[in-house]
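Take a look at the structure set out below.
The values are calculated or read from the model by the stated rules, or taken from the named source; none is laboratory data. Quick caveat, the model's predicted, so the values are computed rather than measured. Cβ placement follows ideal geometry from the backbone for every residue including glycine, while neighbour counts extend to all protein chains displayed.
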Amino acid sequence: MNKKINYFSLLGMLKIRRHLMYYLYLYSGVYVSTKGHLSFRKYWTLKKQQRLYKKQALNSAAQFPITKLEVYYGENEADAGTLCAPYFFQDLYVAQRIHQNKPEKHVDIGSRIDGFVAHVASYRPIEIYDIRPMKEIIPNVQFQQCDLMNLSEEHLECTDSISSLHALEHFGLGRYGDDICHDGYLLGFMNIYRMLKQDGKFYFSVPMGQQQNFMPIACFR
């Protein structure tokens, strides 16, 4: 008699197995191969390093002794650092272009504070506009809370340089507290154009790829 396979139960078991293997490696250094073989190499390496470190600590005059050791496996085999390539390189590139062009005033709309804005603020003042509030006070950064889909007259032709990196595609989708507006990204784009002075520069980026259908509450277009 053939038994029906419950694929959901099978997937659940595989997921549990992956989690068990992960935590076994994370906390004990024991690696389980796909064939079920165990490797204790990392565990014994750690124990050797631990004994050496404790021996050195006995003869150390350090004023800040370490009282607790946490176990981390695998970081010696990882890269020196990780990055989100599209955002990382776009932030660097546009920040360098602004440095080269030396505008009188630069305004950013919705870009990453801990990426692009930080790069620019390291060498010049920058104003940032966002529909969300910001409590932090950052040197060289002036913040204004405003909705770029509803531009006020005070912002007309207010600057000769604007950036908006991976932000326009979010306009009008409600994710950040803005009103639902199907053409929000177009309104934002036209209002940014109205903010620029004659011969001003606009640096912007948006996702590119195959067109997809999203619900109105989606993250991006």
Assess whether Arg132 counts as being in a helix (DSSP H, G or I) and of a type in the set (Lys, Arg).
no
Search segment 64-81 for residues that are more than 13 Å from Gln49 (Cα to Cα) and surrounded by 10 or more Cβ atoms within 10 Å (Cβ to Cβ) and pair each with any residue that is at pLDDT 70 or above and among the basic types (Lys, Arg) when their beta-carbon atoms are under 6 Å apart and the residues are at least 6 apart or on different chains.
none
Identify, from the list Phe171, Phe220, Phe202, the residue that is under 22 Å from Gln90 (Cβ atoms), surrounded by fewer than 18 Cβ atoms within 10 Å (Cβ to Cβ) and at pLDDT 90 or above.
Phe202
Give me a count of the residues in segment 132-176 that are under 21 Å from the mean Cα position of the chain (by Cα) and in contact (Cβ under 8 Å) with a residue 24 or more places away in the chain.
15
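Can you tell me which residues in segment 108-129 are assigned to a helix (DSSP H, G or I) and surrounded by fewer than 14 Cβ atoms within 10 Å (Cβ to Cβ)?
The answer is Asp114, and nothing else.
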